[in-house]
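What follows is a short report on a single structure.
Values quoted throughout were computed directly from the atomic coordinates according to the rules given, and no laboratory measurement underlies them. What you see is a predicted model, and the numbers here were worked out from it, not measured in a lab. Cβ coordinates were reconstructed from backbone atoms using ideal geometry, including for glycine residues, and neighbour counts include every protein chain displayed.
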Amino acid sequence: MGTDINRERDARIDFFRGLALLFIFIDHVPNNSWAHATLKNFGFSDASEVFVLLAGYSAAIAYGLSRDGFEASFRRAMRRAGEIYVWHIGVFIASAALLFAAAHYFNKPDYVDNVALRDLITDPGRSLLSALALVYQPNQMNILPLYVVLMLWLPVVLLLLRQSVALALIVSFAIWAIANASGINLPANRQGEGWYFNPLAWQLLFTTGAAAAVLSQQHATKVRRELLVLAAAYVVFAFLNAAPWIAITWLPNDPLLPPDLVGQVSKNYLSVWRYLHILALAYLVASLVPANSAWLKQPWAASIVTCGKHSLEIFALGTLLSFLGWIAMAELGPSGFIELLVNIAGMGALGWAAWHLSQRKLQQRRSAASAPRRAESS
């Protein structure tokens, strides 16, 4: 069974990936009350699951084996992994410089300590080498290392998908199960700790996204009512378990379900509760939101779609802006007006950056298209 993937870009993918990036920015600003409105409060999963699932879906489309074969797909995937690695190191250096400067200027060591950057002072040589090896991952700088590993895993996924979707999912699930049962993880800087996003577990979500891309290409989309009902029921169950109304002072402050009903919901090892929740949400969206929905072309939605098209750059910028937002809110004092400014300015900056990147890419395409014509006329 081949992986012949050649589809027109689906605006829904870019929209929800862009929305996830905005949620990540909001969630990463400490003490940000706007975070009460992001996905993490309404179920088991959060924007991280959205990002990884759609990364797998997009990667299968972008690096599939339809045209140039495995060798070309392998080279492109490795090149992309290298790009993500470079961006991560850049974000690490820029974030560290910003936070150390803020800690010095405002005389607040918390800007360094709360993000686990103190090791750069106590043992700079080892810490820098560990950062280059992706072993040292300060707080809020652990998603891109996961993305690097997932892109390295992608060629294996493509080979398995070339055999069958079932085989790819079975192998991926087996790795996830072994990691959860044994606690195996990649090493982190601090002894006894592993990666915050365990790649051996999170590869299941990435692989599932890639498998969904293949299935959507091979089979006509058909909504199954029984699956739709199950997905909706699970989303409602997750909502009741999360009990988001507790955070609203004028609503009842008691959950409807026992707090220990589902036990531990591990983010590090991608708990099955989180995995099923994001799959249920994805199925509901795929079933109920048409790909050609008119609202996706509205200016506000188009801006979010543009963010999703440049996910790596927007994520990197969002990380820096979240640290800037943290500093601004801490120094200017807690108030609804300051929060409004931080969130609106941050999301506005992300939208502007995405628009600028799109314009630059469009100009590059126009220049490349006009080059042969200039050569012919000369």
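Here are some notes:
- The trypsin sites (Lys or Arg not before Pro) of the range 220-317 that DSSP puts in a loop, and whose beta carbon has at most 13 other beta carbons within 10 Å, are K222, R224.
- Full-stretch length increase - R360, A97 - with 0.36 nm per residue and alpha-carbon distance subtracted: 91.9 nm
- Cα shape, the range 40-133, gyration tensor, a/c 1.5 rule: oblate
- Toward the positive end of the charge dipole of the range 13-118, with +1 on the Cβ of Lys and Arg and -1 on the Cβ of Asp and Glu, the farthest Cα among N107, L54, N41 is that of L54.
- Relative contact order computed over the chain (Cα-Cα under 8 Å; 6+ residues apart), in percent: 29
- Helical segments meeting 18 Å axial Cα length and Kyte-Doolittle 0.5 threshold in the chain (DSSP H): 11-28, 47-62, 69-106, 143-163, 165-182, 199-218, 225-242, 272-288, 311-332
- Gained length - L340 relative to A291, 0.36 nm times residue gap less alpha-carbon distance: 14.4 nm
- Highest mobility in the GNM of the chain, judged by mean-square fluctuation with C-alpha springs under 10 Å and restricted to L200, L169, L120, is found for L120.
- When you filter the chymotrypsin sites (Phe, Trp or Tyr not before Pro) in the range 181-250 for DSSP loop state and at most 12 other Cβ atoms inside 10 Å of their Cβ, you are left with W250.
- Lysines with Cα under 18 Å of K297, excluding same-chain neighbours fewer than 8 positions away: K309
- In plain terms, the bigger the Kirkwood radius, the slower the diffusion; for the chain, with that radius from Cα pairs, at 10 °C and 1.306 mPa s, Stokes-Einstein puts D at 71 µm²/s.
- Note on K267: aspartates and glutamates with a C-alpha under 12 Å away, same-chain residues under 8 apart excluded, are D46, E49.
- Dipole magnitude (debye, nearest 20) for the chain, charges at Cβ of Lys, Arg, Asp, Glu: 1340
- Over the chain, DSSP H runs of length four or greater, each weighted -39,500 (n - 2.57), average out per residue to a 222 nm ellipticity of -23000 deg cm²/dmol.
- In the chain, a dipole from Cβ-located charges (positive for Lys and Arg, negative for Asp and Glu) runs towards its positive end, and of M78, W153, A280 it is M78 whose Cα lies farthest in that direction.
- Alpha-carbon Debye profile of the range 217-313, log10 I(q)/I(0) at 0.15, 0.18, 0.20, 0.25 Å⁻¹: -0.92, -1.10, -1.13, -1.19
- FRET efficiency estimate (nearest 0.05) - Cβ-Cβ, L132 to R190, R0 22 angstrom: 0.85
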